[in-house]
Amino acid sequence: MYATLRLPGEAWDELPEVEVGPFDSAPGDVEVLIVANQAVDPDRFPSLRLIANYGVGFDRIDVDACRARGVTVTNTPGVLDAATADLALGLMLATRRRIVEGDDLVRAGRWGTAWSEGPFLGHEVSGARLGIVGLGRIGAAVAQRARGFEMEVLFYRRTRSEDAGYRELDDLLREADIVSLHTPLTPETTGLISRERLALLRDGATLVNTARGAVVDEDALVDELVSGRIAAGLDVFVHEPHVPEALRGLPNVVLTPHIASATVETRAAMTRIVVDNVGAFLRGEPLVTPVG
Ligand code: NAP
């Protein structure tokens, strides 16, 4: 058994002997691999039977190719919904209320007036119209939180809905004050938020992405953000850890390093699922959360 990182939380200690090291050093005869959304070529590991992915997203793992070689893939759905939804709300608040910009100003000793004015007018989160793209586990957790902020919630997903909040994607983008992305990255969602679709966003709209960078045309997003027409809170990028240079100096962007599930509690719960899947595999029992 080989893991590309030692996972946090008590459950880890229940694993039998596991070697931890960089992905490139994984021995070719390994039967169980624990990874964090790393591309695994099943042909490199002829004995491989299980890839236990530490995360709900598994877009870098070719599940079909693995299945064809008799390799099962598991992920960690459900336990990171709250943490990810919380960060999405945090990015909405930080971006629209200019929290990071304000923090920078105070720390730099540039707070020059007794009452904030002019430069620090933001936009409301409470009562805003929120468009959720992908109303699955995490999207639904965002919707639940949004109701506490008295937001009007619109949503788009793969399956049409008769619900009053359902919109076709282009209509959602035209109508929303805030758009929050919660689809997996698949061939169908790659570039889903294209240059043409970004242009549909209202002036002053806020885009929040805690899904995957490549769901958005990143070059087009950078152009929109540089123009100042929209704002964004971004946890994910196309070529992580690279972040487009043009974004770093922009006041209308809040950037976080893919931390949506990064709480002590959630990461321990994710480890629990990884360990439970490995345990089930070793005992020859049905896996807890297989994908595909
Ligand atoms: P989920 O429960 O499977 O929900 C996915 C939603 O996306 C569903 O509503 C689904 O529609 C929709 N969808 C899928 N393909 C679509 C398409 N082609 N067009 C429109 N909608 C589509 O997934 P989840 O657990 O909420 O997780 C979502 C993603 O969040 C993960 O895959 C992962 O990449 C990302 N994530 C990121 C972080 C982070 O650290 N930043 C943390 C956790 C998760 P239907 O309901 O119609 O099937």
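The values are calculated or read from the model by the stated rules, or taken from the named source; none is laboratory data. This is a predicted model, so every value here is computed, not measured. In this analysis, Cβ positions are derived from the backbone assuming ideal geometry, glycine residues included, and neighbour counts consider all displayed protein chains.
Regarding VAL236, is this residue over 30 Å from GLU14 (Cβ atoms) and within 12 Å of the ligand (Cβ to nearest atom)? It is true that VAL236 is over 30 Å from GLU14 (Cβ atoms) and within 12 Å of the ligand (Cβ to nearest atom).
Just so you know, in region 244-265 the residues that are within 22 Å of LEU185 (Cβ to Cβ) and over 15 Å from the mean Cα position of the chain (by Cα) include one that is surrounded by the most Cβ atoms within 10 Å (Cβ to Cβ), and it is VAL253. In the set ASP43, ASP59, only one residue is surrounded by fewer than 20 Cβ atoms within 10 Å (Cβ to Cβ), outside the structural domain of ALA143 (by TED's automatic domain parsing) and under 22 Å from LEU185 (Cα atoms); that residue is ASP59. Conditions first: (1) under 27 Å from THR189 (Cα atoms); (2) assigned by TED's automatic domain parsing to the domain that holds ALA140. TYR54 passes all but one, so which condition is the exception? Every condition holds for TYR54 apart from (2). For beta carbons closer than 8 Å, sequence separation of 6+ or different chains, a first residue in region 183-201 that is under 19 Å from ASN37 (Cα atoms) and a second that is more than 9 Å from the ligand (Cβ to nearest atom) and not in a loop (DSSP other than H, G, I, E, B), the qualifying pairs are LEU185/ALA214; THR190/ALA214. Scanning region 141-171 for residues that are surrounded by 16 or more Cβ atoms within 10 Å (Cβ to Cβ) and either within 13 Å of the ligand (Cβ to nearest atom) or more than 20 Å from THR84 (Cα to Cα) (or both) returns ALA141, VAL142, ALA143, PHE155, TYR156, ARG157, GLY165, TYR166, ARG167, LEU169.
A single entry from ARG197, ARG202, ARG229 fulfils the requirement of being of a type in the set (Lys, Arg) and within 13 Å of the ligand (Cβ to nearest atom): ARG197. Considered as a group, the residues in region 266-287 that are assigned to a loop (DSSP other than H, G, I, E, B) and free of Cβ contacts under 8 Å to residues at least 24 places away in the same chain include one that is surrounded by the most Cβ atoms within 10 Å (Cβ to Cβ), and that residue is GLU285. Looking at region 63-78, is at least one residue in contact with a Gly (Cβ under 8 Å, 6 or more places away or on another chain), in the same structural domain as GLY213 (by TED's automatic domain parsing) and assigned to a helix (DSSP H, G or I)? No, region 63-78 has no match at all.
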